[in-house]
1. Give the residues of segment 308-328 that are farther than 19 Å from R357 by Cα and surrounded by fewer than 16 Cβ atoms within 10 Å (Cβ to Cβ), sorted by residue number.
2. Are any residues in segment 283-313 of a type in the set (A, V, I, L, M, F, W, C), under 14 Å from Y337 (Cβ atoms) and part of a helix (DSSP H, G or I), and if so, which ones?
3. If G200 satisfies all but one of (1) under 22 Å from A124 (Cβ atoms); (2) surrounded by fewer than 13 Cβ atoms within 10 Å (Cβ to Cβ); (3) modelled with pLDDT under 90, what's the number of the condition it fails?
4. Considering only segment 79-105, how many residues are surrounded by 13 or more Cβ atoms within 10 Å (Cβ to Cβ), in a loop (DSSP other than H, G, I, E, B) and at pLDDT below 80?
5. Please list, ordered by first then second residue, the pairs with beta carbon atoms under 6 Å, 6 or more apart or interchain, first in segment 143-162 and over 18 Å from V273 (Cα atoms), second small (G, A, S) and not in a loop (DSSP other than H, G, I, E, B).
6. Kindly indicate the residue of segment 352-369 that is in a loop (DSSP other than H, G, I, E, B) and at pLDDT 60 or above and also surrounded by the most Cβ atoms within 10 Å (Cβ to Cβ) among those meeting that condition.
7. Kindly indicate whether any position in segment 55-63 is assigned to a strand (DSSP E or B), at pLDDT below 65 and farther than 21 Å from T391 by Cβ.
Amino acid sequence: MDLLWAGPAPEPALARACAAAGLTLTRVERLPTGRGGVVCARRPSARTGAWIWATPGALDEALAVDATLGGALDVIALAEPDAAARLVRAVRLLEQPVTPLPSHERAVFASAAGVALAQQLARAAQTSMPVLLVGETGTGKEVAAHLVHAWSERKKRPFVAINCAAIPNELMEAELFGYTRGAFSGAVRDYDGRFAAGAGGTVFLDEVDDTPLAFQVKLLRVLEDRVVSRLGEDAEREVDFRLLAATNRDLHALIERGEFGDDLYERLAIVTVELPPLRARVDDIPPLVDAFVQRFYQEEPSARRRHQVRGVAPAALAVLSRYPWPGNIRELRNTIYAALVHKRGGEELLLSDLPRRVLRPERGAGAFVDERALAAQIAAGSFDLVEALATLERTALSHALDRSAGNATAAARLLGRVGRGEARDPGGTVRAMAARLGLAERVRRR
């Protein structure tokens, strides 16, 4: 375990805390936080990018918040009397082995961001609280809902998925709550509704932002009182299901415009899980491609008579990993399926099998950012500039480390001005960046 610091020599408080925690001091030119303080990074072999941020003197609240948002597990003021003890506890917590994730055929998590997402879903599965899944279109919110159900105690009971955008507003209450015969024109039989179908299991409301306000009030009562009343009858029936909901829109913006109820939001968002875009999960692309190839032949067994792809050519995989994927995992799946449909033969997916839009994305800003996807995210209120810049930084660093075989100094030269200037160690910034971005294991030890 290394403790990184910038400066001519460590302060006495830092030296004492470091010795008590059994840490190794390593000097760097610039810290991952970009500000003062020291950073305790996990060993390069760690699967997560968790780290500890400590600072000489009193704790600055703004810096502490910045460090926490950057992934710091704990923030410590070294001037405090218990700093050494806190540092020891924090290091021990970092050293605890990560609980193995439950297995599932649809669980593909190889990247640091993917592993962190899977851990959130696994923890959420152990509760009965409602879970709100948020993220861009195509990030796999329904798959995430399936995993929460499959990893929960309700896994042997039904999983009922409901796309709220696909149900007309005037039919939503009848479809979900049920109705009795004669309750309205066309009600020729009793119907218990989708909520009743999920009894004992999980109900997933996809695109929950498309529910009308009048229905939201009734849904809130279901969540609060756990009772459902079918249309056409006064009797109330107790319901027992775990509710998951998903949206790709900013519900706070909808609440401000009066299009979504704040009471319902507070009830749905007790546990919120944000799904990262695929461009933040580049290391997940190779296993996802393999999974989609296998699934294609399961769904289209007749395709085996024409060809049976068993691998992906390195050049094709490199292009797939570099493409920004504005449609996220869904777009990747559709791209692989289309390539397999049009493939002439052979056991390897080739560069020539990929569509032109993937081979040559739009130039200009589109070389790094898909302008149409960016415009759509801004219009939906789901764009985060800080996250986008961090994603670009992580992707660029990842490619530079691949190209340099993990040599930090060589990677710094590939990244332009990063790590240059008067620094005696041009790779110091790259090592610090890698620690901050969860890529420390990709840097070759000196």
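The values are calculated or read from the model by the stated rules, or taken from the named source; none is laboratory data. Keep in mind it's a predicted model, so treat the numbers as computed, not measured. Methodologically, a virtual Cβ is constructed for each residue, glycine included, from the backbone with ideal geometry; neighbour enumeration extends over all protein chains shown.
1. Of segment 308-328, the ones farther than 19 Å from R357 by Cα are 308-311.
Residues satisfying the conditions are Q308, R310, G311.
2. L288, V289, A291, F292, V293, F296, A303
3. All conditions pass for G200, except number (3).
4. The number of residues fulfilling the criteria is 4.
5. Within 6 Å, the pairs are V160/A197.
6. Within segment 352-369, the subset in a loop (DSSP other than H, G, I, E, B) is 354-355, 360-363, 368-369.
With the extra rule that they be at pLDDT 60 or above, the set shrinks to 354-355, 360-361, 369.
Working: L354: 21, P355: 12, R360: 11, P361: 18, V369: 18.
Per the criteria, the residue is L354.
7. Step one: filter segment 55-63 for residues assigned to a strand (DSSP E or B), giving 55.
Narrowing further to those that are at pLDDT below 65: none.
No, segment 55-63 contains no residue that is assigned to a strand (DSSP E or B), at pLDDT below 65 and farther than 21 Å from T391 by Cβ.
Results for (1) among the hydroxyl-bearing types (S, T, Y); (2) closer than 24 Å to K141 by Cα, shown as yes or no for each residue.
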{"position": "F204", "(1), (2)": "no, yes"}
{"position": "E207", "(1), (2)": "no, yes"}
{"position": "T211", "(1), (2)": "yes, yes"}
{"position": "F215", "(1), (2)": "no, yes"}
{"position": "L220", "(1), (2)": "no, yes"}
{"position": "E224", "(1), (2)": "no, no"}
{"position": "E236", "(1), (2)": "no, no"}
{"position": "V239", "(1), (2)": "no, no"}
{"position": "E259", "(1), (2)": "no, yes"}
